[in-house]
Amino acid sequence: MRKKIVAGNWKMNNTLQEGIDLAIDINKLAAEKADKNVDIIIAPPYIHLSEVGKLIDRDRVLLSAQNCAAEQKGAFTGEVSAEMLWSVGADYVIIGHSERRAYYHEDNTILNKKIKLALDNNLKVIFCCGENLEQRESNKHFEVIKKQLSETVFTLAKEYYDSIILAYEPIWAIGTGKTASPEQAQEIHKFIRSLIAENYGDNLANETSILYGGSCKPSNAKQIFANADVDGGLIGGAALKAEDFIGIVNSFK
Ligand code: PEP
């Protein structure tokens, strides 16, 4: 059975103290009332990782970075390498988020370097894909997602898939309050799973977790997670409130 996962992307929010407080609250609620069948991942900003990592019960709450450098080490001012993330205890790194693609011009060449460095440095990867509104309205979303995946994670050998989680995040639903309908989410997740099957076979397709991201909240998570090919969520805004985040964790039937 593939894993059910809810991951919270804090983005560029919270001072260190606020991040510590949020992590303590999430950790407490995770122990007290979160569904034990769901893996919980939090992705605080870089500077929080070390402190937050010490506060959470690592058997219950896993730690992710939101990004990593596209180089192993050296003169890259301001960058943080995959090895550094591993050294402060990160388990995962998010790669390919639409905000990184759009605002920092991360193309598939850069994303591939990051994926490789993350895997080489013992990090698991949460890899995001998704179309923008124009692409959806012109019915190009299937083609766009296929290209995003074919040129990146589908170039990896099968063996790496133990360390890969995919996230479908329609850009038009991120931070906008507009959520993909449960049918739209299922349609794309099923499509992504069929692409994994084409590339790697049915077994791997059935074992790979595919998360939905885009304005997911406790009020809509149940309907989205009820779909056969939706294995959880990558959560932005609602991950900043411990009760809401754990509410989403508890949204599987
Ligand atoms: C995200 O950025 O990954 C995301 C899903 O954000 P939000 O939940 O705020 O739409």
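Throughout, read-outs are computed from the coordinates displayed, never taken from laboratory work. Since this is a predicted model, take the numbers as computed values, not measurements. Note that each Cβ is placed from the backbone with ideal geometry, even for glycine, and that neighbours are counted across all protein chains shown.
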**Message:** Can you return the aspartates and glutamates within cross-link range of LYS222? Criterion is Cα-Cα under 19 Å, with same-chain partners fewer than 8 residues away left out.
**Reply:** ASP35, ASP39, GLU169, GLU183, GLU187, ASP231, GLU243, ASP244
**Asked** With charges set only on the Cβ (+1 for Lys and Arg, -1 for Asp and Glu), what does the dipole of segment 128-197 come to about its Cα centre, in debye to the nearest 20?
**Response** 80
**Complete:** Applied in sequence order to segment 203-208, the curve 6.51 cos²θ - 1.76 cosθ + 1.60 (Karplus, θ = phi - 60°) yields integer Hz couplings, x standing for Gly and Pro, of 4, 5, 4, 6, 9, 8
**Prompt:** Nearest 20 debye, what's the magnitude of the dipole of the chain about its Cα centre given +1 on Lys and Arg Cβ and -1 on Asp and Glu Cβ?
**Reply:** 240
**Listed pairs LYS54/LYS217; LYS73/LYS114; LYS116/LYS190; LYS4/LYS54 exceeding 19 Å between Cα atoms** = LYS54/LYS217; LYS116/LYS190; LYS4/LYS54
**Asked** So for the chain, taking the charge dipole from beta-carbon charges (+1 Lys/Arg, -1 Asp/Glu), which of TYR92, ALA102, ASN112 sits furthest toward the positive end?
**Response** TYR92
**Mean separation of Cα contacts under 8 Å (6+ apart) over length of the chain, as relative contact order %** = 23
**Request:** Assign unit charges at the C-beta atoms only (+1 for Lys and Arg, -1 for Asp and Glu), then state the dipole size of segment 177-253 relative to its Cα centre in Debye, rounded to the nearest 20.
**Result:** 320
**Fill in**
Listed by chain and number, the residues whose amide H is under 5 Å from that of SER64, excluding neighbours fewer than 5 places away on the same chain and using placed H, are ILE42, ALA43, ASP91, TYR92
**Asked** What is the sum of charges around SER181, taking Lys and Arg as +1, Asp and Glu as -1, for the other residues whose C-beta is under 13 Å from the C-beta of SER181?
**Response** 0
**Asked** Of GLY19, SER251, ALA205, which is farthest on the positive side of the dipole of the chain, counting Cα position, with +1 on Lys and Arg Cβ, -1 on Asp and Glu Cβ, and the Cα centre as origin?
**Response** SER251
**Message:** Loop-only trypsin sites (Lys or Arg not before Pro) in segment 153-215, please: DSSP not H, G, I, E or B, and at most 14 other Cβ atoms within 10 Å.
**Reply:** LYS178
